[in-house]
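The values are calculated or read from the model by the stated rules, or taken from the named source; none is laboratory data. Note that the structure is predicted; figures quoted are calculated from it, not measured. Every residue, glycine among them, receives a Cβ derived from its backbone with ideal geometry; neighbour counts consider all protein chains shown. All accessible areas refer to the heavy atoms of the entire protein, side chains included, with ligands and DNA or RNA removed. Shrake-Rupley method; radii C 1.70, N 1.55, O 1.52, S 1.80 Å.
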Amino acid sequence: MTKLKHLISNITFMLLTVVAASASAEITLSLDRTDIHENETFHLRVQVEESNTLNAGAGVNFIPEEITIRGRQEYNSSIIVNGQYNTQMGWDFELLATESGTYTIPPLSIGNERSDAFTIRILPQQDDIGDASNAKIKLRANLSDEEVYVQQQLLFTVRIYRSVVARNQNITPIRVTNALVEQLGENKTFDVVKEGNNFRVVEQRYAIFPQQSGEMIIEPMTYSATVLEESQGRSPWQRSQLKPISLSTQKYTVNVKPKPQNALEPWLPAKKLELEAEWQPKNQTFRVGDPANLDLIIKGTGLLTTQLPTVTFPEEDGVTIYRDTPQYRQRINRFGVNSYHFEKIAVIPNKSGEITIPEVKVPWWNVTTDQQEYATLPAQTIRVEQSSQQINNNQPQTVIPEAQKQAMRPDAGPANNQDTSATDSTYDYWKYITFALAAMWLVTLVLFLRQKSQSRSLIPQDRDASNEQLRQGPHSTLREAIAAAKVNDAKSTIQHLASWLKNDSSPAHLVNVTQLIRYCREHQYQALAEELEMLQSVCYSAQSNQKQPRQWKGRELAKHLSGFNTDDQERPADKLPQLYDKR
């Protein structure tokens, strides 16, 4: 029966695992590019996770009727990456939209897999081909703006249209005076259908950031290739003639305006700038001395990562802030360059109660509205609880009123006379226990005297070690912190210091390193305070999540800690005197 129950439980677990895996399977939809216009082909990739879904969706049509399906291809490939077997499967659609607008693919449900709704946006047609029957190859270029501010993003797009086969294709690189140029991704290839003619298009996009006001010149770009020369009178047996061609874009002159006089620093000409901050984890509990993690994100549209601002947090009494090394990312879409600044911040409260981190504002210039705006990080108020040591020190003692003490005495009331026999029995019981304890004490005393006489000769050689252990007592963790500092082990040093501060031997009831720093500054230990601040900075900065923080030299801290004499501090009033005074 037991084996049967065990078998049923295993089967149930396997079924639940399969169901959970199926429920988490997701259909993913993606486009080959984001800037799609009328009469331009584009590719939609639908990726699934299970082969059953691939078979079930073979005949399913979920493309909106307004979009023409020019081709549908199923793919199923397997690769091994870092020893992991990875399979990709799904469908690749070649689509064409003849009208601009927004089209939505509803949520898909194929087999055990699901997807969210997917939106496809089609922009109005770009009328830069001209007469489709006039030439077989065309070269076109356009600018997003004719006038920009210094350091503002300018988008430059080059397209090669061809309706014939071309060989030996080449295009000269872009040349711009006094500007930073960045290509926006790889070349895009697609088709454009116009007046019954099909053109293969190769598109290159660039982001240009002028670095000097005045005139900026974009030199012509030249495309060269060889194509088959068509001749109506040519015999089918005659050899085809290759014809070289060369096309160039026009020379562009852009007016670059200087920074407006009323613009604030830093100068950030952008389409959009946002500041975001989030505590990790959310809804966490803040305690004195415990670091809390804050994730800061800066998003800039139309800015390079090197242009993103550095956010400065105002100093606030009650918290210490340590910044990590920021990470940067850059993404490309139809708006050009989108830059992201990710940074982890350690916030250490050093007092309890409500603490407000002030609002942060960064000025930027909106190039769309041509006016000054501010990216704002709202003020955040946190409630900080006392540390565990502070809570223990503040626990109230239980006080029994005198009247209640008298009522608890054995002779306080008539209830004591209700059961005289029980009282006599209890009295005899405790009498026997007292006699037994006295006998054991006498035996212990005899053994002690005997041992003392035997080991008297060993006392002188062990006296120094015993005194050393007695002296170490509560300072043992401080000695361990000094030893760790001497070998430059920052994490062990701060851990031993925290342990030392949490026991009763620390001066002035300090409970964390931040309070020790403040204590040192108040009692003229400036050098020690500076070394402790450097230790905190190392432990809560860029490599704080690694096994060992960045290189740190702790010999100075070890020297100052060795000279930090806590025995001379005033003994707190609530401490009991030592059992034996030092004579």
### Query
Does at least one position in region 390-407 carry a residue that is under 30 Å from ARG205 (Cβ atoms) and either open to solvent by 50 Å² or more (accessible area, probe 1.4 Å) or at pLDDT 75 or above (or both)?
no
### Task
Identify, by number, the condition in (1) modelled with pLDDT under 90; (2) within 16 Å of ILE69 (Cα to Cα); (3) surrounded by 16 or more Cβ atoms within 10 Å (Cβ to Cβ) that GLU113 doesn't meet.
(2)
### Count of region 227-264 residues which are at pLDDT below 90 and among the polar types (S, T, N, Q)
6
### Task
Would you check which residues across region 265-307 are in a loop (DSSP other than H, G, I, E, B), at pLDDT 90 or above and surrounded by fewer than 14 Cβ atoms within 10 Å (Cβ to Cβ) and list them?
GLU265, PRO266
### Summary
Those residues of region 362-378 that are within 17 Å of GLN307 (Cβ to Cβ) and charged (D, E, K, R) come to a total of 1
### Task
Please go through region 74-110 and pick out each residue that is open to solvent by 40 Å² or more (accessible area, probe 1.4 Å), assigned to a loop (DSSP other than H, G, I, E, B) and of a type outside the set (D, E, K, R).
ASN82, GLY83, THR98, SER100, PRO106, PRO107
### Query
Can you pull out the strands (runs of 3 or more DSSP E) entirely within region 316-374 that have at least 2 residues that are among the hydrophobic types (A, V, I, L, M, F, W, C) and surrounded by 18 or more Cβ atoms within 10 Å (Cβ to Cβ)?
336-349, 353-357, 360-366
#### Entry: Some residue of region 33-54 being open to solvent by 70 Å² or more (accessible area, probe 1.4 Å), in contact with an Asp or Glu (Cβ under 6 Å, 6 or more places away or on another chain) and free of Cβ contacts under 8 Å to residues at least 24 places away in the same chain
no
### Query
ALA135: part of a loop (DSSP other than H, G, I, E, B) and farther than 22 Å from PHE199 by Cβ, yes or no?
no
#### Entry: Neighbours by Cβ (under 8 Å, 6+ apart or cross-chain): first from region 311-333, over 26 Å from THR34 (Cα atoms); second open to solvent by 100 Å² or more (accessible area, probe 1.4 Å)
ASP324/LYS344
### Query
Just wondering, is there one or more residues in region 198-221 that are surrounded by fewer than 14 Cβ atoms within 10 Å (Cβ to Cβ), more than 23 Å from GLN307 (Cβ to Cβ) and at pLDDT below 90?
yes
### Summary
Subset of region 178-190, residues surrounded by fewer than 17 Cβ atoms within 10 Å (Cβ to Cβ) and over 26 Å from SER339 (Cβ atoms), comes to THR189
### Task
Within region 60-72, identify whether any single residue is of a type in the set (Val, Ile, Thr), within 30 Å of VAL202 (Cβ to Cβ) and touching a residue at least 40 places away in the same chain (Cβ under 8 Å), and answer yes or no.
yes
### Summary
Log entry, pairs with first residue in region 261-273 being more than 10 Å from VAL362 (Cβ to Cβ), second being in a loop (DSSP other than H, G, I, E, B) and at pLDDT below 90, beta carbons closer than 8 Å, six or more apart or on different chains, reads LYS271/PHE335
### Enumeration of residues in region 328-363 that are among the polar types (S, T, N, Q) and closer than 22 Å to GLN153 by Cα
GLN330, ASN333, ASN338, SER339
### Message
Criterion first (open to solvent by 30 Å² or more (accessible area, probe 1.4 Å) and under 18 Å from ARG33 (Cα atoms)) does GLN126 satisfy it?
### Response
yes
### Task
Could you identify the single residue in ILE67, ILE63 that is open to solvent by less than 80 Å² (accessible area, probe 1.4 Å), of a type in the set (Val, Ile, Thr), closer than 25 Å to ASN112 by Cβ and modelled with pLDDT of 80 or more?
ILE63
### Query
Considering only strands (runs of 3 or more DSSP E) fully contained in region 147-237, which possess at least 2 residues that are closer than 30 Å to PRO266 by Cβ and touching a residue at least 40 places away in the same chain (Cβ under 8 Å)?
147-149, 154-162, 179-183, 197-210, 214-218
### Query
Looking at region 489-502, which of its residues are open to solvent by 20 Å² or more (accessible area, probe 1.4 Å) and either at pLDDT below 85 or part of a helix (DSSP H, G or I) (or both)?
LYS491, SER492, ILE494, GLN495, HIS496, ALA498, SER499, LYS502
### Message
What pairs come out if I take residues in region 506-528 that are under 13 Å from ASN350 (Cβ atoms) and modelled with pLDDT under 80 and pair them with residues that are open to solvent by less than 20 Å² (accessible area, probe 1.4 Å) and of a type in the set (Ser, Thr, Tyr) whose C-beta lies under 9 Å away, six or more apart or interchain?
### Response
LEU510/TYR519; VAL511/SER387; ASN512/SER387
### Message
Just the residues that are assigned to a strand (DSSP E or B) and either among the aromatic types (Phe, Trp, Tyr) or over 20 Å from the mean Cα position of the chain (by Cα) (or both), please, taken from region 377-390.
### Response
THR381, ILE382, ARG383, VAL384, GLU385
### Message
So ARG175 passes all but one of these: (1) touching a strand residue (DSSP E or B) at 6+ places or on another chain (Cβ under 7 Å); (2) surrounded by fewer than 18 Cβ atoms within 10 Å (Cβ to Cβ); (3) of a type outside the set (S, T, N, Q). Which condition number does it fail?
### Response
(1)
